[in-house]
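**Q** Starting off with a structure, shown below.
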Amino acid sequence: MTYRQLNWAERLVALLCVVLLGLWAVPAHADGSSSNPTATAVPAAAKPGVTITVTGSGWPASALLTVLLCGQDAVAGTDDCANATGRAVTTDAHGQFSQQLAVATPPKPCPCVIHVSAVMGNQQSVNTPFDVMGAPTAPIPPNAAGAGQLVMLSASLSGSNGLLNWFGSPPNRTLRMVVADMGGSPISNPEFQLGTWHSVLAPDWSAAPWQGTLEPDKPQEIDLPVQFDSGASGQYFVGLSYQGRTLTTQHLNLPVAWGVDVFWVLLFVVVAVGLFRIGLAVLDRVRPDVTQRARERRRAHLGRRRAGDPRPDEQSASGSPFVTPPAPRHVAAPRRVPVPAPMSAVPPSEVVNPNAETTVLPPILVPLPPSYAPTVSQAAPTSREATLPWFAPGTVVASEPQPAPEQPAPQQSAPVQPAPPQARTPGPTTPSGKDH
């Protein structure tokens, strides 16, 4: 390796070391600034009614803070503070703030402090001594913080969603914390205040008692159940306070209950289908002919027809299902042998072609009379004696008419010639000797 190559390698290693050192120093500086917040009051002493300026640095960026003037060093939390004159302020991108505060006499005697605390996230707080001119002063009692002073050592949320939570069941979690009693006397059956809230909404506090005794200077693990609202989803916060002082605040993200959305979609589909079926039933009652034609068109389109239903092409133009009779079929008739005739006697137009097809018409059937038609019965002819006029001699006996024999074809008969007149023989009643 040459000297030039070694020089470039040394420069590259030095550059990497500088970059790594810078990357390590920037987070360390940021963590140090956020873990050591400060607050300063200008001026440090004032009479009630005077407005002072409170500045601070080292806070998280865009954090919401509260600024209060408290008595008894705020050992009992906000119960010792003048909450009516308190102010809220938001830090800038560098974790700094500046807020004006009106001086008022706190509800508890001094020593007094300017109490600055974070509302969300890590419960960081700073107490800056402040002298309120003319306010009463008294020593802090041993149990000013209550039966004991609790200190939160660690806290975490455990638990997960189940199948019922996907359909809107209230999610459940467990707040597991380790606390210690830093007071001089034990604490029996402490009653905590557990609060939950969503996004920037106000906390919903509820009592969370714990059965047991906290001995001084001994850590104790406590588990408290946490229940959210039905169908809760998104970012939620859980806070724990004791005797008005917030001990910890935890946040978590609850999954979305997709089962509720699926239920509403299925309900909408079922209702829509039910209304559609009801409409079809009403249409069947009001306009049955329209629905019947629609069903027939649908069956014809899908190629499915019931047994015995006419095809669409067999229906008339008006929609009537009457079937037209089939057209007569042309069948080949047996060959007909022409009668030989002299060629000179048959004209060319009447010559029969033996190969031509003939049309056979269907037989004509004579319908029978209906059963309700009256029947006419012919009486058998009887022999009767014909009566001659008074002036005709003798009698004539009429004979029964004989049926004519059936003949294969009707023939024309020659005209009947009338019989010649016969001479009448005079009877006894005829006068004689007279010419007629």
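The values are calculated or read from the model by the stated rules, or taken from the named source; none is laboratory data. Just so it is clear, the structure is predicted and the values come from calculations on it, not from any experiment. A quick note on method: Cβ atoms are made from the backbone with ideal geometry, for glycine too, and the neighbour counts reach across all protein chains shown.
**Q** How many of the residues in region 169-198 are out of contact with any Phe, Trp or Tyr (no Cβ under 8 Å at 6 or more places or on another chain) and either of a type in the set (Gly, Ala, Ser) or over 16 Å from LEU224 (Cα atoms) (or both)?
**A** Matching residues across region 169-198 total 10.
**Q** Is at least one residue of region 221-233 of a type outside the set (A, V, I, L, M, F, W, C), loosely packed, with under 11 Cβ neighbours inside 10 Å and over 47 Å from the mean Cα position of the chain (by Cα)?
**A** yes
**Q** Since VAL116 meets every condition but one in (1) assigned to a loop (DSSP other than H, G, I, E, B); (2) crowded, with 21+ Cβ neighbours inside 10 Å; (3) among the β-branched types (Val, Ile, Thr), which condition does it not meet?
**A** That leaves (1) as the condition not met.
**Q** Is there any pair with a first residue in region 177-205 that is without any contact (Cβ under 8 Å) to a residue 24 or more places away in the chain and a second that is assigned to a loop (DSSP other than H, G, I, E, B) and acidic (Asp, Glu) whose Cβ atoms are under 9 Å apart and which are 6 or more apart or on different chains, and what are they?
**A** ASP204/ASP229
**Q** Here is a follow-up. Could you grab the pairs with beta carbons closer than 7 Å, sequence gap of 6+ or different chains, first residue in region 31-42 and within 14 Å of HIS94 (Cβ to Cβ), second one at pLDDT 75 or above and not in a loop (DSSP other than H, G, I, E, B)?
**A** Between residues of region 31-42 that are within 14 Å of HIS94 (Cβ to Cβ) and residues that are at pLDDT 75 or above and not in a loop (DSSP other than H, G, I, E, B), the close pairs are PRO37/GLY56; PRO37/VAL126; THR38/GLY56; THR38/SER57; THR38/VAL126.
**Q** Step by step: first the residues of region 119-142, then only those that are closer than 28 Å to THR196 by Cβ and assigned to a loop (DSSP other than H, G, I, E, B), then the one that is modelled with the highest pLDDT. Which residue is that?
**A** VAL119
Okay, residues lined up against (1) surrounded by fewer than 18 Cβ atoms within 10 Å (Cβ to Cβ); (2) in contact with a helix residue (DSSP H, G or I) (Cβ under 8 Å, 6 or more places away or on another chain); (3) closer than 29 Å to VAL200 by Cβ; (4) modelled with pLDDT under 85:
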site: THR40; (1), (2), (3), (4): yes, no, yes, no
site: VAL50; (1), (2), (3), (4): yes, no, no, no
site: GLY58; (1), (2), (3), (4): no, yes, yes, no
site: LEU64; (1), (2), (3), (4): yes, no, yes, no
site: CYS81; (1), (2), (3), (4): no, yes, yes, no
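**Q** Checking the structure you have, find out if any residue of region 288-301 is closer than 26 Å to TRP210 by Cα, of a type in the set (Gly, Ala, Ser), surrounded by 13 or more Cβ atoms within 10 Å (Cβ to Cβ) and over 31 Å from the mean Cα position of the chain (by Cα).
**A** For region 288-301, residues closer than 26 Å to TRP210 by Cα, of a type in the set (Gly, Ala, Ser), surrounded by 13 or more Cβ atoms within 10 Å (Cβ to Cβ) and over 31 Å from the mean Cα position of the chain (by Cα): absent.
**Q** Assess whether SER160 counts as being among the polar types (S, T, N, Q) and in a loop (DSSP other than H, G, I, E, B).
**A** Numbers: among the polar types (S, T, N, Q): yes; in a loop (DSSP other than H, G, I, E, B): yes.
Considered against the rule, which asks whether it is among the polar types (S, T, N, Q) and in a loop (DSSP other than H, G, I, E, B), SER160 comes out as yes.
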